[in-house]
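Notes for the one structure printed next.
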Amino acid sequence: MEQISKIDSVRQYNNHVGVDTLHPLVNVINFDNKPAIQHFKRYMGIYAIFLKDVKCGDITYGCQSYDYEDGTLVFVSPGQVYGIDSKGVAIKPSGYALIFHPDLIAGTSLSKTIKDYTFFSYEVNEALHLSKKERETIVDCLEKIALEIDHTIDKHSKKLIVSNIELLLDYCMRFYDRQFITRTHVNSDILVRLEGLLNDYFTSGEAIDLGFPTVAFCADKLHLSPNYFGDLIKKETGNTAMEYIQTRVIDEAKIKISDSTKTMNDIATELGFKYQQHFTRLFKQKVGITPNEYRKLN
């Protein structure tokens, strides 16, 4: 079995890469002066943001891997496993890492909003690819954080460091919005595949065995993380992924209701509802009338 090292503190990570610990809860590492790497896997108990400048092996996240281009940001949150696989060839890394312990943001506004930065749960192949100007902005944020870490710790340190981390994350949100827009053709393909997936789900009878199609199920079938899938659907359609799926289910229900040989219980079961009343409730919520009323009108 492959050995996975465990990183639970900033000091542990610093020791792994051979840098001094100037602040116990946060650090910015410049990899330009670090030795060559080949392979490792680490379980992270801390947050990490990696800015990868040049090809230095395939970064892995869980069981997924992706061969990055220049100027790519990868996000890791506590509880995730990441690593580097250079296929047995020693490669010189280049780029930056921002690491910080959850305790750093405890009691701050960022502790309440960190969950809103959903890209911390994206898969590795959903990384953020930066333009030259975007990269300059990210590096500027990292340098400001590094400068504050280098300063003697005082009563202002935590607020200034966390504020700059929050600023960096807000820029990442903006740049991801740009990436969703510039990859419209890719997103449109995913929507087409989603439509095909849902069509097959209902026509094959899978819904009867597996139940109502969930966001996690659809994301997995499309090889996307649930958060990335949800954000993509929201950006493309204006609806949440669950709202999109529910609307698609109601469209399917309307077709089935036109078949007067089917009972409402039959239709509910074929759509993956465990109980008919759940189907009736959702239908009325979306259409404004009950399935039986809809059948009488049509």
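Readers should treat all values here as calculations from the given coordinates under stated rules, not as data from a laboratory. Quantities reported herein were computed from a predicted structural model and do not represent experimental measurements. FYI the Cβ positions are ideal-geometry reconstructions off the backbone, even for glycines, and counts take in every protein chain you see.
Quick notes
- Whether region 198-255 is rounded, prolate or oblate, judged on the alpha carbon gyration tensor where a/c under 1.5 counts as rounded: oblate
- Between the beta carbons of Met242 and Glu143, assuming R0 = 45 Å, the FRET efficiency works out to 0.65 to the nearest 0.05.
- Antiparallel bridges, percent of DSSP beta bridges restricted to the chain (to nearest 5): 90 percent
- Environment charge of Gly211, counting only residues whose C-beta is closer than 14 Å and scoring Lys/Arg +1, Asp/Glu -1: -2
- A simple spin-label model places the labels of Thr118 and Lys235 1.1 nm from each other, with each point 7 Å out along Cα-to-Cβ.
- Only Lys, Arg, Asp and Glu carry charge here, each on its Cβ (+1 for the first two, -1 for the last two); on that basis the chain has a dipole of about 580 debye about its Cα centre.
- Compactness index (Cα Rg / 2.2 N^0.38 Å), region 185-297: 1.08
- The relative contact order of the chain, computed from alpha carbon pairs under 8 Å that lie at least 6 residues apart in sequence, is 14 percent.
- Whole-Hz couplings from phi, Karplus 6.51/-1.76/1.60, listed for region 189-206; x for Gly and Pro: 5, 5, 5, 5, 5, 5, 4, x, 4, 5, 4, 5, 4, 7, 6, 7, x, 4
- You can think of it this way: the chain between Asp177 and Val81 has 32.0 nm of extra reach, that is 0.36 nm per residue less the Cα-Cα gap.
- Nearest-ten-degree value, helix 276-287 long axis tilted from longest Cα axis of the chain: 80 degrees
- Label zone of Asp251 (point 7 Å out along Cα→Cβ, amide N under 16 Å): in region 194-210 this covers 194-203.
- Between Lys41 and His185, the modelled label-to-label distance comes to 3.6 nm, taking each label 7 Å out from Cα in the direction of the beta carbon.
- The angle separating the long axis of helix 157-182 from the principal Cα axis of greatest extent in the chain is about 50 degrees.
- Our estimate of slack between Thr290 and Leu22, defined as 0.36 nm per intervening residue step minus the Cα-Cα distance, is 90.1 nm.
- Computed Kirkwood radius, in angstrom, where 1/r is averaged over Cα pairs of the chain: 21.8 Å
- Cross-link pairs exceeding 22 Å in C-alpha to C-alpha distance, out of Lys112/Lys159; Lys52/Lys221; Lys6/Lys155; Lys115/Lys155; Lys41/Lys158, comprise Lys52/Lys221; Lys6/Lys155; Lys115/Lys155; Lys41/Lys158.
- For the chain, the longest principal axis of the C-alpha atoms and the axis of helix 241-257 are separated by about 10°.
- Ordering of 280-286, 23-29 by packing [mean C-beta count within 10 Å, highest first]: 23-29, 280-286
- Candidates per GluC sites (Glu not before Pro) in region 241-296, loop by DSSP, up to 15 other Cβ within 10 Å: none
- Relative to the current alpha-carbon distance between Ser109 and Ser131, full extension at 0.36 nm per residue lengthens the span by 5.0 nm.
- Nitroxide proxy distance, nm - points 7 Å out along Cα→Cβ at Ser204 and His278: 2.1 nm
- Cα gyration tensor shape for region 134-259, rounded if a/c is under 1.5, else prolate or oblate: prolate
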